[in-house]
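Enquirer: Quick one: structure below, then a few questions.
We did not get these values from a lab; they are worked out from the coordinates using the rules stated. Not measured: the values here are computed from a predicted model. Neighbour counts run over all protein chains shown; Cβ positions are idealised from the backbone, glycine included.
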Amino acid sequence: MGCVLGLDTSNYTTSAAWFDGARGENVGKLLEVPQGSLGLRQSEALFQHVKRLPEILAALKETGLPAALAAVGASTRPREVEGSYMPCFLAGESQARVLASAMEVPFYPCSHQQGHIAAAAWSAGRMDLLDRPHLVWHLSGGTTELLYAQPDGVLVRAACIGGTTDISAGQLIDRTGKKLGLAFPAGKAVDALSRQATHQESFRVKVQEASFSFSGLENKMNALAEGGAAPADICWFVLASIIQGVETATRQALERYPGLPVLCAGGVASNQLLRERMTAACGAVFAEPRFSTDNAMGTAILTWRAHHLHGI
């Protein structure tokens, strides 16, 4: 039925993917962040995306990307809400629109968050979730949101019903990494270190109506680090405390929406301890780790659905 191309230029990853309705491939590369920094200015992120997209597309071609495409899509904004905007998404959107125009095929936009949900559902073998109501955790460097998701044509309309009221789980993990001298992004290193912990303690995050704050947890983390606690113990403390907050918020949300499946997406959702705890607690469904982090696969999937399933 024809293959489609999807592009995603998020805050920290340049990626491109193809999808043919059943199979797909994604190629992505993290942006370069200076040692000791917690991120990039949008102008620098945009520059790196523009510079890298040609090499990403060349690498994707080697995975089987056909010369003839049925459609091209791109993530054009962080979320599907009024006023959601980040300049870095202009890189992928502009390239995708040019490609679509040159090949005389349709262009389909979606949000970065919608792409995360689609990639998670597909890689978990649960594409049915895109056509029914469900709960979604979007856990990433900039987002810790519990969403009520429901079908909206070929896309997913997601309303935030809980999550953090201040810093995200990913931000807290990266700040922990910086405190311990780890490279950015610090998720994988913090996860690996936590498995060496000899003191597995945690901080009880207060959760009300599926919402919580991580600022108190950050203060506890800083106190542990400044008090000379072992890095592995600090990593366990932070991760276990984050997971307790997420698990409690999920239970509260399921009291409001009983019986709904729970899907976990975003880079933080690749954490092994989180996967173990949430699967045991509520049967949560997770993306494959390589499709938990920022990627264009979800964008390509939604582009295919828009073009082939509904012809919009």
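Enquirer: Fully extended, how many nm does the chain gain between Ala67 and Cys160 (0.36 nm per residue separation, minus their Cα-Cα distance)? Display every interim value, and only then the final one.
Expert: Numbers: separation 93, 0.36 × 93 = 33.48 nm, distance 3.93 nm.
Stretched out fully, the Ala67 to Cys160 stretch lengthens by 29.5 nm.
Enquirer: Right, another one. Loop only per DSSP, at most 13 neighbouring Cβ atoms within 10 Å: give me the trypsin sites (Lys or Arg not before Pro) in segment 166-237, ordered by residue number. Before the final figure, lay out each step's value.
Expert: Numbers: sites: Arg175, Lys178, Lys179, Lys188, Arg195, Arg204, Lys206, Lys220; in loops: Arg195, Arg204, Lys206.
Hits after loop and neighbour filter: Arg195, Arg204, Lys206.
Enquirer: Still on this model: Excluding residues fewer than 8 places away in the same chain, name every one of the lysines whose C-alpha is closer than 30 Å to that of Lys61.
Expert: Answer for Lys61, where 30 Å is the Cα cut-off: Lys29, Lys51, Lys188, listed by chain and number.
Enquirer: Continuing with this model, one more query. For segment 23-79, what are the per-bin percents of Cα-Cα distances with bins 10 Å wide, up to the bin holding the maximum?
Expert: 17, 43, 30, 9, 1
Enquirer: Separate question: Any idea what the dipole of segment 29-110 comes to, in debye rounded to 20, about its Cα centre with Lys/Arg Cβ at +1 and Asp/Glu Cβ at -1? Provide the component values of the computation, followed by the final result.
Expert: On the way: 8 positive and 8 negative charges, 22 e Å.
That gives a dipole near 100 debye.
Enquirer: Loop only per DSSP, at most 12 neighbouring Cβ atoms within 10 Å: give me the GluC sites (Glu not before Pro) in segment 1-106, ordered by residue number. Show your work: numbers first, answer last.
Expert: Values: sites: Glu25, Glu32, Glu44, Glu55, Glu62, Glu80, Glu82, Glu93, Glu104; in loops: Glu32, Glu62, Glu80, Glu82, Glu104.
Sites meeting the loop and neighbour criteria: Glu32, Glu62, Glu82, Glu104.
Enquirer: Hey, another quick one. Treat every Asp and Glu Cβ in the chain as -1 and every Lys and Arg Cβ as +1, leave all other atoms uncharged, and give the resulting dipole magnitude about the Cα centre to the nearest 20 debye.
Expert: Values: 26 positive and 28 negative charges, 40 e Å.
Taking the Cα centre of the chain as origin, the dipole is about 200 debye.
Enquirer: Also, I was wondering about something else. If you filter segment 56-155 for chymotrypsin sites (Phe, Trp or Tyr not before Pro), then keep DSSP loop positions with at most 15 other Cβ within 10 Å, what is left? Intermediate results must be reported in sequence, preceding the final value.
Expert: On the way: sites: Tyr85, Phe89, Phe107, Trp122, Trp137, Tyr148; in loops: Tyr85.
Passing both the DSSP loop test and the Cβ count: Tyr85.
Enquirer: Obtain the nm distance between the two label points defined at Ala192 and Glu209 by a simple spin-label model: each point lies 7 Å from its Cα along the Cα-to-C-beta direction.
Expert: Here the answer is 4.2 nm between the modelled labels.
Enquirer: Report the gain in length on full extension from His308 to Ala229: 0.36 nm times residue separation, minus Cα-Cα distance, nm rounded to one decimal. Let's see the in-between values first.
Expert: Values: separation 79, 0.36 × 79 = 28.44 nm, distance 5.52 nm.
Between His308 and Ala229, full extension yields an extra 22.9 nm.
Enquirer: While we're here: Taking 7 Å along the Cα-to-C-beta vector as the label spot, tell me the Glu255-Gln272 distance in nanometres, rounded to one decimal.
Expert: Placing both labels 7 Å beyond Cα along the Cβ direction yields 3.4 nm.
Enquirer: Using all C-alpha to C-alpha distances in segment 1-156, build P(r) with 10 Å bins and read off the rounded percent in each one.
Expert: That works out to 10, 39, 37, 13, 1, in percent per bin.
Enquirer: For segment 164-301, what does the alpha-carbon gyration tensor say about shape, rounded, prolate or oblate, given a ≥ b ≥ c as the root eigenvalues, a/c under 1.5 as rounded, and a/b over b/c as prolate?
Expert: In terms of gyration-tensor shape, oblate.
Enquirer: Specify which labelled value, from [x] 23; [y] 29; [z] 36, agrees with percent of Cα pairs over 31 Å apart derived from the coordinates of the model shown.
Expert: The calculated read-out lines up with [y].
Enquirer: Scaled to the compact-protein estimate 2.2 N^0.38 Å, what is the alpha-carbon radius of gyration of segment 60-122, rounded to two decimal places?
Expert: Numbers: Rg = 12.8 Å, N = 63, 2.2 N^0.38 = 10.6 Å.
That works out to 1.21 for segment 60-122.
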